[in-house]
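The values are calculated or read from the model by the stated rules, or taken from the named source; none is laboratory data. All values reported here derive from a predicted model rather than from experimental measurement. Note: ideal-geometry Cβ built from the backbone for every residue, glycine included; neighbour counts use all protein chains shown. Keep in mind that these areas ignore ligands, DNA and RNA; they rest on the heavy atoms of the full protein, side chains included. Shrake-Rupley method; radii C 1.70, N 1.55, O 1.52, S 1.80 Å.
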Amino acid sequence: MTTLQRTRRPGSASWLLFPAAAVVLVFFFYPLAAILWRSFTEPGFGVGNYLAVLGDEVQIRVVLRTLRTALIITVATLIVAYPYAYAMTLVGRRARTVLTLLVLMPFWTSVMARNFAWYVLEQRGGVLEKALAAIGVDGVVLLGSVAGVTVAMVQVMLPFMVLPLHSSMSGIDRSLLHAAGSLGASRPVAFLRVYMPLSMPGVLAGVSVVFIMSLGFYITPALLGTPQQALAAQVIGTQVNDLLNFAGAGALGAILLVVTLVVLAVLSRVAAPLGAGATGGADRGR
């Protein structure tokens, strides 16, 4: 066996994974296991906490509202991010750098500062209400509404959608569009039938990240929303901080986790044929 073969053995570098695996085990899996254990053992062993959540119409409405809001935020973010990421693939290096900096700017500002900025913009008599009134749309109150929370969260989630999209789009061979055009396809048809399927891996990655993060977002709904429109994270926070009901909060969190996994599984099943079709189209283009 040569030296090069010895250095490429899979087990020779497996120890490099230990620090990351230890962090995940200690700071993610252990707390998750502890929460799940308490949800089944307090105040007594059984599924009473889960039956209480599933039998409470208020908490069911909270879960459904959370899923609906996360879905709306994901779709709105995708609508805004897709053309933005596509434009990043068309411009030159300097313009691409500027566009990248603009989308990364939220990372350089604290979460509280961003949300208080949205609070000022959405409050009664604020900039957004005056701007809408100037174009004839009166009486729109964003602060304390689901719409106001959605607008602010789309801005927060935009980088998590743009970056996967741009990473996927930057690897697409644009000569495939020219080939489709030479075969008689118009530009819109070539984009829809060739380019968009090839960008599906980036769409799936961005949608998954944004949807999961939107389900557990706490600060923005708590600051810009109302208790009447509370999402799951706010209810869990109330259960823990005010009611000291750790078991009930764990049960609600576990149910939300299961729903999330089911949604992601369905999304993966739907996206798998699209990804296979995109790969086949790229191979035929070559």
Using alpha carbon centers only, the range 95-131 is separated from the range 188-256 by a whole-angstrom value of 20
At 7 Å along the Cα-to-beta-carbon direction for both Arg61 and Val262, put a label point, then send me their distance in nm to one decimal. 2.1
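Rounded to the nearest angstrom and ordered from largest down, what semi-axes does the equivalent ellipsoid of the chain get from its C-alpha gyration tensor (root of 5λ)? All intermediate terms of the calculation are to be shown ahead of the outcome.
Working: eigenvalues 275, 194, 73 Å².
Here the semi-axes work out to 37, 31, 19 Å.
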Taking only protein heavy atoms into account and a 1.4 Å probe, give the accessible area per residue of the chain in Å². 59
For a Förster distance of 22 Å, can you work out the FRET efficiency between the beta-carbons of Tyr119 and Thr238, rounded to the nearest 0.05? 0.60
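Where the accessible area of the chain is counted over protein heavy atoms with a 1.4 Å probe, how much of it, in %, is carbon and sulfur? Spell out each step's value before the answer.
On the way: 11950 of 16980 Å².
Of all accessible area on the chain, carbon and sulfur atoms account for 70 percent.
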In order through the range 194-199: 3J(HN,Hα) via Karplus (6.51 cos²θ - 1.76 cosθ + 1.60), integer Hz, x for Gly, Pro: 10, 6, 4, x, 5, 8
